[in-house]
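Heads up: the structure comes next, in structure tokens.
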Number of protein chains: 2
Amino acid sequence: MQNDCRLCPMKTKATTMLSDCSLDQLSNNHLELKLKKGDSIIKEGTYSTNVIFLRTGLAKIHLAGPYNEQIVKIVKAPTYLGLPTTFGSKINQYSVTAITEAEVCYIDLQVFLSILDENKEFTHEIIQEFCKNELESFHRCANRTQKLIRGNMADALLDFSDKIFKSDSFILPLSQTEFANLVDTSRESVSRVLSEFDKDGIIRLNGRKIEILNKKSLIMISQNG
Amino acid sequence: MQNDCRLCPMKTKATTMLSDCSLDQLSNNHLELKLKKGDSIIKEGTYSTNVIFLRTGLAKIHLAGPYNEQIVKIVKAPTYLGLPTTFGSKINQYSVTAITEAEVCYIDLQVFLSILDENKEFTHEIIQEFCKNELESFHRCANRTQKLIRGNMADALLDFSDKIFKSDSFILPLSQTEFANLVDTSRESVSRVLSEFDKDGIIRLNGRKIEILNKKSLIMISQNG
DNA sequence: AATATTTTGTGATTTGCATCACATTGCATA
DNA sequence: TATGCAATGTGATGCAAATCACAAAATATT
């Protein structure tokens, strides 16, 4: 299915500035798909020559660790996915899977590159994105390994609240097992800590629905490790 | 001190292709320094509008974690440093410190950007570098948190051997405390595991000099966690 | 609606490693 | 060459969290 990219409501700052020519090129060289929760967007180990634009929805980036499936991070539309593999070995080094309903555009790598070459704003935007990701990965590296479980869980909840949903109340788009693989702990610990937070009145827990009642406490817990 | 970048022996593929004009611009807008072990290259929390080119030597990228100084990774010349902070907040989010003698060039951000804009090859090289780093950070994320200490130490030793020194025999450019902060463990555990590896004939340890005697064993240990 | 399957809750036990404590060695500076 | 401080080696102890083992809910499937 092809759409007119000129009509796409999800354009970023830079893509808004693309020339009609570039936009036409995009329109004619991309495949747009609607996905449902659980659908695979990128699969580790497979061949790929596409860059993927996540138009709407949430996805998890994950890969096989030595013992468990590791969830590296949760990403939110709009964002580009798969540049590392497309630029590098062409074999995907990680998987991306929708964790909500989502819409994605598969963009041919050559088309993507030619647009990149033509458009400085777009290039800067992509580089900025990489820079942001690199900083995030540094901080994650320092925090995840040094903090205790309660601290990491608090961080994750604050992330969902502040960055993903921008609301104190949300439905966790992950099972406890997945949550554990994101936060580097065991499924049982996730269950226990969530119950504790609920018992202490820090969150209200109802199935996968979470309401943050006391953000200050969560921040405290995050800082104490 | 200013040097003629046209004579720089450490140019990468892309910088070799820069126009004389760009190279002159570089030559006139950079500061070259010789550093000794322990000298700071980038300091967390300080203001910066430079990109840094590490011409020769090794450096550690590190930042303050909630409890310890966390070493994120060891980098080797030639490489660019400081792009994330320069592109983003202008306040350095992490430190970089020489761990051997090193030579660095401080390049004004605006000059760096104008060269980036002028030169597609160079842009691609930078983006590729980011992609490689992102993949590395994903793998680190999955491995460091899932493996046991012996596995992580084995990984680190293999990294030094294969990627940094390209030799089975090298002098660790880190104290055990630093090594611990790189490998996410305690100083005492580093000491113990290194002794174990020595006792088992996997490495020969002599002060900070390490000789890898049995790489196969190290790989085994790495895989067993 | 009935059955199977996945997800979640929670106690009991085990364990890898941090922490503590101190001895020893190496290295720098007077 | 002596003196001081930083880096290392190694045992004893404590603890956070993994693992094990089920029960109970919740979802999916027929």
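The values are calculated or read from the model by the stated rules, or taken from the named source; none is laboratory data. This one's a predicted model, so the numbers in the text were calculated from it and none came from an experiment. Neighbour counts are summed over all protein chains in view; Cβ atoms, including those assigned to glycine, are modelled from backbone coordinates with ideal geometry. Surface accessibility is based on the protein's heavy atoms, side chains included, excluding ligands, DNA and RNA. Shrake-Rupley method; radii C 1.70, N 1.55, O 1.52, S 1.80 Å.
List of remarks:
- Residues with amide H under 5 Å from that of A:LYS73, placed H, sequence gap 5 or more: A:ILE61
- Mean partner shielding of peptide B:67-75, defined as the number of other chain Cβ atoms within 10 Å of each residue Cβ, is 3.
- Test item: Cα-centred dipole of chain B, Lys/Arg +1 and Asp/Glu -1 on Cβ, debye: 740 debye
- Taken residue by residue and averaged, Cβ atoms of other chains lying within 10 Å of the Cβ of A:85-95 number 3.
- Each copy carries A:GLU211; placing its label point 7 Å along the C-beta direction from Cα gives inter-copy distances of 6.8 nm, listed from smallest up.
- For region A:33-138, with +1 on Lys and Arg beta carbons and -1 on Asp and Glu, the positive-most of A:ALA59, A:LEU135, A:SER114 along the dipole: A:ALA59
- Angle of helix A:109-118 to the longest C-alpha principal axis of chain A, folded into 0 to 90 degrees and rounded to 10: 80°.
- Annotation for A:GLY88, label-to-label distances across the other copies: 2.0 nm (shortest first, one decimal, point 7 Å from Cα along Cα→Cβ).
- For chain A, the relative contact order comes to 19 percent (Cα pairs under 8 Å, sequence separation of at least 6).
- Take every Cα pair under 8 Å whose residues are at least 6 apart in sequence, average their separation, divide by the length of region A:143-224, and the relative contact order is 38 percent.
- Using a 1.4 angstrom probe on protein heavy atoms only, the contact between A and B buries about 3900 square angstrom of accessible area, both sides summed.
- Across the accessible surface of chain B, with the other protein chains kept in place and a 1.4 Å probe, carbon and sulfur atoms take up 51 percent.
- Taking label positions 7 Å along the Cα-Cβ direction at both A:LYS34 and A:ALA64, the computed distance is 3.4 nm, reported to one decimal.
- For B:LEU213, distant residues with modelled amide H under 5 Å away: B:ILE203, B:ARG204
- Heavy-atom accessible area per residue - region A:143-224, 1.4 Å, Å²: 50 Å²
- Region A:167-225: C-alpha pair distances exceeding 15 Å, %: 51 percent
- Estimated from the Cβ-Cβ distance and a Förster radius of 25 angstrom, the FRET efficiency linking A:LYS216 and B:THR177 is about 0.10.
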